[in-house]
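Accompanying notes for the structure given below.
None of the figures in this text is laboratory data; all of them are computed from the coordinates on show. Only a predicted model underlies this, so the values are computations on that prediction, with no experimental measurement involved. Cβ sites come from the backbone with ideal geometry, for glycine too, and all protein chains shown count toward neighbours.
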Amino acid sequence: MKINGDRLWASLMELAKIGATEKGGVKRLALTDLDKQGRDLVVGWGKEAGMSITIDQIGNVFMRRDGTNNALPPVMTGSHIDTQPTGGKFDGNYGVLAGLEVVRTLNDLKIKTEAPIEVAFWTNEEGSRFVPVMMGSGVFCGAFSLETAYAAKDVDGKTVGDELERIGYKGPQVPGDHPIGAYFETHIEQGPVLEDADKVIGVVPAVMGLSWYDCVVTGMEAHAGPTPMGLRKDALQVSTRIMQEVVAIANRYPPYGRGTVGMVQVFPNSRNVIPGEVKFSIDLRNVNDELLNTMHEEMLAFIDKTRSESGLKISIERVSYYPPCPFHPECVDAVRSATAKLGYSTMDVVSGAGHDAIYAARLAPAGMIFVPCKDGISHNEIEDAKAEHLEAGCNVLLHAMLERARVV
Ligand SMILES: [Zn+2]
């Protein structure tokens, strides 16, 4: 049993016309007129495929194909159709249209499932017009309130609440008042791992957690010539010790330890002045919360040691923390066995990016399917993916969903 790859591709290209950019990408920001057009197109396709439509108060849309036992919670798939300002055709859109293609295929083959099947698209996943990101799925799972989301403003001062109303997608259903039996999301990888290993399907066991910090090292500015080496309080020299340790910590916890210093400011930033103050960011990641916490502790201990050895003032503040999100073993296994059954080459790929599936996973067993994208590039108009890979990912989705929804 296979989906129709040509039809999937044609729908992706059709949706990509709405907000198409000159460089071949898509700009369809959340809750704009273009988003409304995209939503209307997808909802129209859902209705043509015989699905009923439910919209909740944050504008999440659920398209439903009934099962033979509608008392069962639906097996759901979905993603988002909003894009970045310089977005591509596939990020999010693929996950939604793959779901639609699954339903079209079931219709063609006259297959009935015991549990209903639903295809969702979540409001404002990208977070580029309104923050927070993953807004629709976040409100749905109770990570933050509807009021917080409604009050979010874009640069022109327009609010989510008003814009939802204006485009006609402020629905009646209370967010979260909607059972989910299991949730699957197909997505382009947005990284280079699958392409590099020449594999077609990424089984996603988890999404990495992250811990962000701001670090400030304060020394003393002085002339670079007259001040002997032993009598300096060089904030940059001390900072580089910490920066090296950030990488060393990540390397101590392979394969998923990540340590990055991506932002550095040196004061006064002058050739012949010993730096008096350095501010820098630290980004630690791991897929395992215990390991991420160990990395956090080791970094704090190193900073304590460096502070007492150097005599300089060092402050460190954690500014963000998202725990790792392991996906449900049953859903991960459903993806794995569907991939094996279909004979695609495969490997496990931990997601380094956020997805709506993270929030869905708080409410129901969830899993993800990755397919390669060209050079691992996304959030870019040149984002590209091969039709055969998109087709393969959709076939895996079909079989994984059927395993959960059960063919009758
Ligand atoms: Zn996405």
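Amide H to amide H distances under 5 Å link A120 with M63, T77, G78, S79, where only residues 5 or more positions off or on other chains count and H is placed in the peptide plane.
Normalised by residue count, segment 1-154 yields a Cα convex hull volume of 104 Å³ per residue. Length available on full extension from K158 to V264: 0.36 nm per residue minus the Cα-Cα distance, which gives 34.8 nm.
About the Cα centre of segment 209-321, how large is the charge dipole given +1 on each Lys and Arg Cβ and -1 on each Asp and Glu Cβ? Please answer in debye to the nearest 20.
Using Cβ point charges on Lys, Arg, Asp and Glu, segment 209-321 gives about 320 debye.
Counted by neighbouring Cβ atoms within 10 Å, the residues E383, E126 run from fewest to most as E126, E383. Looking at segment 59-115, the pairs of alpha carbons with a distance over 19 Å make up 40% of the total. Comparing T148, V193, L106 along the charge dipole axis of the chain, the residue lying farthest to the positive side is V193, per the Cβ-charge model. Considering the chain, its Cα convex hull presents a mean projected area of 21.7 nm².
List the pairs from K2/K23; K341/K374; K27/K158; K110/K386 whose alpha-carbon separation is above 30 Å, in the order I gave them.
K2/K23
Rounded to the nearest whole Hz, the Karplus-based 3J(HN,Hα) values (6.51 cos²θ - 1.76 cosθ + 1.60, θ = phi - 60°) of segment 279-288 follow the sequence 10, 8, 9, 10, 10, 10, 9, 7, 8, 10, with x at glycine and proline.
What whole number of Å gives the distance from the Cα centroid of segment 169-196 to the Cα centroid of segment 237-254? Answer, in whole Å: 35. Straight-line reach from K233: taking Cα to Cα under 21 Å and skipping same-chain neighbours fewer than 8 places apart, the lysines in range are K279, K305, K313.
Packing, as the average of other Cβ atoms within 10 Å across residues, places the peptides 364-370, 102-108, 1-7, 266-272 in the order 364-370, 102-108, 1-7, 266-272, highest first. Inter-part distance, segment 93-160 to segment 360-408, computed on C-alpha centroids, equals 15 Å.
For the chain, the mean residue ellipticity at 222 nm estimated from helices alone is -11000 deg cm²/dmol, where every DSSP H run of n ≥ 4 contributes -39500 (n - 2.57) and the total is divided by all residues, rounded to the nearest 500. Each Lys and Arg Cβ is given +1 and each Asp and Glu Cβ -1; about its Cα centre, the chain then shows a dipole of about 120 debye. Rounded to 0.05, the FRET efficiency of the D348 and R252 pair, given R0 = 25 Å and the Cβ-Cβ distance, is 0.70.
Between the residues G171, A301, G262, the greatest Cα displacement towards the positive end of the dipole of the chain, with unit charges on the Cβ of Lys, Arg, Asp and Glu, is found for A301. Using a Gaussian network model of the chain with C-alpha springs under 10 Å, which one of P329, P85, P228 is most mobile by mean-square fluctuation? Sorting by GNM fluctuation, first place goes to P228.
Electrostatic tally near L236: other residues with Cβ closer than 13 Å to its Cβ, Lys and Arg +1, Asp and Glu -1, net +2. In this structure, S337 and S308 have a Cβ-Cβ separation that, at R0 = 51 Å, corresponds to a calculated FRET efficiency of about 0.40. Counting beta carbons within 10 Å around each of D56, D66, D177, D384 and listing the fewest first gives the order D177, D66, D384, D56. The length gained by stretching the chain between K110 and D375 to full extension, at 0.36 nm per residue less their Cα-Cα distance, is 91.5 nm. Of the complete DSSP H runs in the chain, none spans 20 angstrom or more by Cα along the long axis with a mean Kyte-Doolittle score not below 1.0. Above 23 Å, the calculated P(r) of segment 220-374 contains 54 percent of its Cα-Cα pairs. When the chain is treated as a GNM with alpha-carbon contacts under 10 Å, the residue of R362, R285, R307 showing the greatest mean-square fluctuation is R307. Volume of the convex hull of segment 122-254 (Cα atoms only), normalised per residue: 237 Å³.
The percentage of C-alpha pairs in segment 3-91 whose separation is greater than 23 Å is 29%. Net length available on complete extension from E298 to R362 is 20.1 nm, with 0.36 nm assigned per residue and the Cα-Cα distance removed. For the chain, relative contact order (Cα pairs under 8 Å, six or more residues apart, normalised by length) works out to 24 percent.
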